[in-house]
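What follows is a single structure, written as structure tokens, with notes after it.
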Amino acid sequence: MSLLVVGLSHRSAPVSVLERAALSRGTQARLVHDTLAAEPATEAAVLATCNRIELYADVDKFHAGVAELSTLLARHSGVALDELTPYLYVHYEDRAVHHLFSVACGLDSMVVGEGQILGQIKDALALGQELHTAGRLLNDLFQQALRVGKRAHSETGIDKAGQSLVTFGLEQLADGLPVTEWAAGKRALVIGAGSMSSLAAATLARAGVAHVAVANRTLARAERLAQILTEAGAPGVAAGLTASAVEMTAVADELALADVVVSCTGATGLVLTADAIRAALAGRKDTAGPCAAPGPCAAAAGTGVRLALLDLAMPRDIDAAVHRLEGAGARLVDIETLAEASADAPMAADVDQVRSIVSDEVAAFGAAQRAAHITPTVVALRTMAADVVAGEMARLNGRLPDLDDKQRAEITQTVRRVVDKLLHAPTVRVKELASTPGGAGYADALRELFDLDPQAVAAVSRADTRADRHTTARESA
């Protein structure tokens, strides 16, 4: 296995660097295409979330692969290589598998145990399949990572170790109050209609807010999300909830009405400036002071917070200068705030159980990959043996032309049985040995002992790869 991952995350880099290195979907597509075009790589996939950017590749040279992937990450992120390098981490072979499986289980998340990462891994795999940059290794790897993540959540209490980033962010805004108590009766503004924004809207609805306004550049998506929130029977949502969809041009008006704002868009620039927040605060009915009269801040009595803002975007949607507006009644929680808060979050005992699951799954995945590596050699050996049998039977037919069909068939079957029995034990044993650490050398030994044509082995591998891609495309469709 020649799997390589080069990346950076909230654990290795400050938020300011992650923010600058954030990749749009279009940039991700260009990155994996350029990775595949690079000499060391034969497969590529990118996992890009609000707090990590990781490039996975199947490479034939480790050092050249690290140099190439690092250069490509710098080029496409727009952060100079010499500035990016101190924050990059590198994992290879089994360590790379262990890393992705840990990520899938939520062990490497900002909030331990959060399950949103599974959807992001699924998206990364879907992009690699769509662009045909994920071959057998990366398809197997990402699909197994999804299974391992689901297993961790179903077999352990890892969910108790942390919450989704949305819930964790709302808890920080609630400042010690139960979120349901803090959110009750509030008016919320959600900016964006993607997966994270949709989760935020649903979480706010379940927490008990009275109204959710959804703003999005594509109004139809905002309308769809608002409709889903108010559909009869929506799980956990109070019957009195109302929701509306608004144009992005109406955000300023909504800010003057909202108690809480959650923003998570794919914008490359600021969505809400400090001036916009200042103007919204100035235009509110409670301008005489925090909670001077019943109104938007009533639920936050005693806190002085008139407008609570949660920024889950990377790069940031809300100007960091809003932190300086606390005296005016604004409170901002962003990715940087969450990173600091999560450092002290309690770890559940189930984390150790998840780590054990990850270790077992990494060993199983490595054994399966090593066993699969020798399969083309075994197939090539059996094909050569079949050709030898066919050649010898043709020679026998020339020497004994008077044999009838029944006699000829019986001799052919006998010879095939002898060859199969001679090959059975060594081929089964070599597959077992190949699945052990360091077992890759057994394929080379088999090719050398039987003088197998390397081109014949490569042809089997290419045929298997084409079949895998055809199956993947069919399953994706």
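The values are calculated or read from the model by the stated rules, or taken from the named source; none is laboratory data. Quantities reported herein were computed from a predicted structural model and do not represent experimental measurements. Every residue, glycine as well, gets a Cβ built from its backbone with ideal geometry; the counts of neighbours run over all protein chains shown. Note: areas computed on protein heavy atoms with side chains; ligands, DNA, RNA excluded. Shrake-Rupley method; radii C 1.70, N 1.55, O 1.52, S 1.80 Å.
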Got a sec? What order do 197, 12 fall in by accessible area at 1.4 Å, biggest, i.e. largest, first?
-> 12, 197
Note: residue 83 to residue 177 extended length (0.36 nm per residue) minus current alpha-carbon separation gives 29.7 nm
What full-extension length gain, to one decimal in nm, is calculated for residue 451 and residue 154 as 0.36 nm per residue of separation minus the Cα-Cα distance?
-> 102.0 nm
Given backbone amide H placed at 1.01 Å from N, residues whose amide H is under 5 Å from that of residue 113, ignoring those fewer than 5 places away on the same chain, are 107
Excluding ligands and nucleic acids, what accessible area in Å² is computed for residue 453 using a 1.4 Å probe, to the nearest 10?
-> 80
From the phi of every residue in the stretch 365-382, what ³J(HN,Hα) in whole Hz does the Karplus formula 6.51 cos²θ - 1.76 cosθ + 1.60 yield, where θ is phi - 60° and glycine or proline is x?
-> 5, x, 4, 5, 5, 5, 5, 5, 5, 8, 4, x, 5, 5, 4, 5, 5, 5
Cα long-axis angle, helix 136-155 against the chain (0 to 90 degrees, to the nearest 10) = 50
Could you give the semi-axes, largest first, of the ellipsoid that matches the stretch 42-83, computed as the square roots of 5 times the alpha carbon gyration tensor eigenvalues and rounded to whole Å?
-> 18, 14, 7
Angle, helix 116-130 long axis vs. longest principal axis of the chain, Cα atoms, 0 to 90°, nearest 10?
-> 50
Quick numbers on the stretch 8-125, Rg and Dmax over C-alpha atoms in Å, give 13.4, 37
Could you work out the local net charge near residue 76, counting Lys and Arg as +1, Asp and Glu as -1, over the other residues with Cβ closer than 14 Å to its Cβ?
-> +1
Here the stretch 324-428 gives, from Cα atoms, an Rg and Dmax in Å of 32.8, 106
Take the stretch 351-392, compute every pairwise Cα distance, and split them into 5 Å bins from 0; I just need the percent in each bin.
-> 5, 21, 13, 12, 11, 9, 8, 7, 5, 4, 3, 1, 0
Accessible area of the stretch 20-116 divided out per residue, in Å², using a probe of 1.4 angstrom = 37
Considering only DSSP beta bridges whose two residues both sit in the chain, what percent are antiparallel, to the nearest 5?
-> 45
Once the Cα atoms of helix 219-230 and of the chain are each reduced to a long axis, what angle between those two axes, in degrees from 0 to 90 to the nearest 10, is obtained?
-> 80
Farthest toward positive dipole pole in the chain [+1 Lys/Arg, -1 Asp/Glu at C-beta], among 106, 321, 364 | 364
Net charge of neighbours whose Cβ lies under 12 Å from the Cβ of residue 60, counting Lys and Arg as +1 and Asp and Glu as -1 | -3
Can you give the alpha-carbon Rg of the chain over 2.2 N^0.38 Å, where N counts its residues?
-> 1.27
Hey, can you rank 149-157, 261-269, 249-257 by average C-beta count inside 10 Å, highest first?
-> 261-269, 149-157, 249-257
Modelled label-to-label distance, residue 39 and residue 422, 7 Å Cα→beta-carbon offset: nm?
-> 4.3
For the chain, what is the charge dipole size about the Cα centre, in debye to the nearest 20, if Lys and Arg each add +1 at the Cβ and Asp and Glu each add -1 at the Cβ?
-> 720
